[in-house]
Each structure stands twice: as structure tokens, then as C-alpha cells.
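The values are calculated or read from the model by the stated rules, or taken from the named source; none is laboratory data. Just so you know, these numbers come straight off a predicted model, no measurement behind them. All accessible areas refer to the heavy atoms of the entire protein, side chains included, with ligands and DNA or RNA removed. Shrake-Rupley method; radii C 1.70, N 1.55, O 1.52, S 1.80 Å.
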Amino acid sequence: MPTHYDTLGVSKSASTDEIKKAYRKLCMQYHPDVASSSSSTSTAQSKNADKFKRISEAYSILGNENKRRRYNFDISESGIQELRKKAAKARGTAGGGGNSFAATLPRNVLIGGILGIAGVTIIRSIMPEKENDDTHHEHTGKKRLVEAWLNPKTKRWEKPRPWDQEYQRLQPVLQFVPRDQVDGGGGKR
């Protein structure tokens, strides 16, 4: 199958000006309006029209630097792509094969799981767990203190509740009290 370079009759290292010059020369030779006057048969005219379409397509790609770079990559990879297709067919007939992603998926999941568990283990060893009141008291011999106020009606220590009307009316003084003595304050915060 001829390449666009073959269609325009230029080398792969041709400059943009050389490609443009070859395109203009071939357009004058094969353009349907110009070539139709010189050739009288309809088959010759259709051949010229087909040739002109191929020439125009080749120039539209080779005349644009980005498209030309992409085209050069595609045609240089065509041999490699053929080898890959042959290798895939050989794997399929040899009883193994199939999709390489599907073949490596279990291994990737296993590796990801192991790395995830190792990461969690390392983070847990670096960061200490939060102590509850009992273990804190055992380690330090002191109880954790929280701010609370003594409700005169219930005679119990309560957490401050600025939205409560009774609390707003009394405007009590807050004191530090062991957490287990405060109403509803015996657990974790």
C-alpha cells in the first residue's frame, strides 16, 4: 500500500515547501477540470478524480506539521503492530493468552491488598490510639477534667448549654470537674 509520500512523489525528509510544490504540480496534472479536457474517456476521468482525491488527502496530512508527525509515527509503528497481532494470535492458539490485563489482574489485586494492609499497620504503629478515661487514669493517676456548672435544681454537674434558658438566666460560673461526675459526660467526647 503506497504511503502519502509515495502519492506525492516526495521523500520522508522533504520540506514543507517541497511537499507544496509537488502537490501543486500533481493538481495541475490530475485535477478533474484540467485533466477532463485532455482525456475524453469516462474511465480516464474517474481515474484522474480518484488520483486527485488521494493527492488532496496526502497533502492535507503532509502539509500540516502536527498531522504529519502523527502520520510518520503511525507508519513507523505499522510493522510493530503487525508483529503484535501475530504474537497475540500465537498466544491464543497456544492455549494460554487472551487479554494481558485479565491475566495480571489477580496479581495486581493481591499486591494492592498487601500494600494497603502494610500501610495501615505502619500508620497505626506510628500514631498512638486515643485513650479513654479508664486507661488515662491508670497511666497517669489523674482523671480527665471538663468544664461544667452545678445546676441548683438537680444538684448535678452539667455541661454548659448556652442555648438553654435556665443556663442563660443563671449565668453560672464554670469549673473543672472530673468527666465521670458530669451528667452524660462519663463516656468519650
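Could you run the Karplus curve 6.51 cos²θ - 1.76 cosθ + 1.60 with θ = phi - 60° over the stretch 143-155 and give me ³J(HN,Hα) per residue in whole Hz, x for Gly and Pro?
8, 6, 10, 10, 6, 8, 10, 8, 7, x, 6, 8, 6
Straight-line reach from K25: which lysines fall under 29 Å, measuring Cα to Cα and dropping same-chain residues less than 8 apart?
K12, K47, K51, K53, K67
Would you work out the Kirkwood radius for the stretch 1-75? I mean one over the mean of 1/r across all pairs of different Cα atoms, in Å.
Kirkwood radius, the stretch 1-75: 12.8 Å.
Rank H4, H31 by accessible area, highest first, at a 1.4 Å probe radius?
From most accessible down to least: H31, H4.
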